[in-house]
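The values are calculated or read from the model by the stated rules, or taken from the named source; none is laboratory data. Just so we're clear, the structure is a prediction, and the values are computed from it rather than from any experiment. Counting neighbours? That spans all protein chains shown, and the Cβs are built from the backbone with ideal geometry, glycine included. The protein model used for the area step is the full one, side chains on, heavy atoms only, and it has no ligands, DNA or RNA in it. Shrake-Rupley method; radii C 1.70, N 1.55, O 1.52, S 1.80 Å.
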Amino acid sequence: MHTDTFEIKSVSISDKALFDRYFAAFEPLNSEYTFTNMFMWRKSYNIRYAVIDGMLCIFSRHGENGTESVNFPLGDGDVSAPLRKIFDYFDSIGQRPVIRLYKESDLLRLNVAFPDKFVITEDIDSFDYVYNTSDLIELPGSKYHSKRNHISKFKSLFNFEYRPLTPELVPECLEMFSRWCDSKKGIVPGISEQREAVVELMENYEVLGVTGGVITVLGKVVAFSFGEVLSQKNSMAVIHLEHADTEYHGSFPIMNQQFLEKEWIDFKYVNREEDMGLPGLRKAKQSYKPKMMTKKYIASLA
């Protein structure tokens with residue numbers, strides 16, 4: 001889409017280098033700022049972008065009504081000029097501006113550029129869960145007692161093997177995930193979008209630079225996980241996707257523990273993304289005792 005001052009473009013795999021450059025300078029702690037996330041969810045959230053006055057501006061649509069929003073511009077310097085152009089765009093589509101922010105310092109930058117113009121709220125359902133990697137590998141103390149029990153039971157019941165993901169394992173992972181999606185039709189909201197995003201990730205994981213791992217039992221894939229480096233400076237990895245066949249007791253805990261031990265042991269922290277406000281997912285993520293939460297914010301015109 002062309003506006004008078006900038007062009008909003010669709011996200012394609014060829015944009016990876018551009019996004020990576022801006023994200024590396026941002027030094028993110030939040031899971032949104034990886035190209036993988038932008039690419040795999042681009043259709044579900046209509047993710048688009050524009051470079052405005054040298055700053056990367058990412059547009060998306062959220063909620064049942066498809067409300068348009070823009071991420072706070074990525075880049076150094078005064079944000080007044082690009083934001084004014086963005087406000088003109090929102091005016092052209094007949095919507096009040098909605099800005100998503102992922103760094104507390106950006107709250108200050110927004111307030112300096114436009115004092116008292118925005119009401120800022122915490123986007124609690126989108127907070128990321130960040131853990132000590134060593135905790136999720138070693139599972140120490142009484143707080144992880146049940147996790148250790150689940151893993152011990154899995155090991156006692158099944159002759160398993162951890163294997164790094166290779167292209168020939170992708171079809172079996174996809175088939176396993178598709179079976180789960182079929183079983184959740186009409187039960188889990190947005191299941192078709194989730195399936196589409198996972199297919200995008202799996203079919204492009206090598207180009208995206210994502211690391212994958214699987215757990216097999218007698219050669220059959222019963223769990224898989226995908227992750228990548230989020231921030232070298234902050235020694236943080238991010239897990240984009242984890243799935244397991246729950247008919248194999250303990251398959252989720254063993255996948256979580258093994259993937260971190262085999263692939264991410266050199267990173268101090270691991271970001272396991274948000275819970276989207278889903279009670280079951282929130283309970284599961286809280287049960288692993290996060291070290292911290294990465295906050296995210298929404299700014300709306302006062």
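Some notes on this structure:
- Evaluation of Asn65 against the conditions (1) open to solvent by less than 30 Å² (accessible area, probe 1.4 Å); (2) out of contact with any Asp or Glu (no Cβ under 7 Å at 6 or more places or on another chain); (3) not hydrophobic (A, V, I, L, M, F, W, C) shows that the sole unmet condition is (1).
- Contacts under 8 angstrom Cβ, first residue in the range 108-120 being within 16 Å of Lys296 (Cβ to Cβ) and of a type in the set (A, V, I, L, M), partner at pLDDT below 95 and open to solvent by 80 Å² or more (accessible area, probe 1.4 Å), 6 or more apart: Val119/Ala302
- Test: residue in the range 63-84 that is assigned to a loop (DSSP other than H, G, I, E, B), of a type in the set (A, V, I, L, M, F, W, C) and within 24 Å of the chain's Cα centre (by Cα): yes
- Taken over the range 18-77, residues that are modelled with pLDDT under 95 and acidic (Asp, Glu) amount to 4.
- Residue tally, condition open to solvent by less than 10 Å² (accessible area, probe 1.4 Å), of a type in the set (Gly, Ala, Ser) and not in a loop (DSSP other than H, G, I, E, B), over the range 1-54: 1
- Single residue of the range 91-104 satisfying the filter (surrounded by 18 or more Cβ atoms within 10 Å (Cβ to Cβ) and hydrophobic (A, V, I, L, M, F, W, C)) that is farthest from Ala299 (Cα to Cα): Leu101
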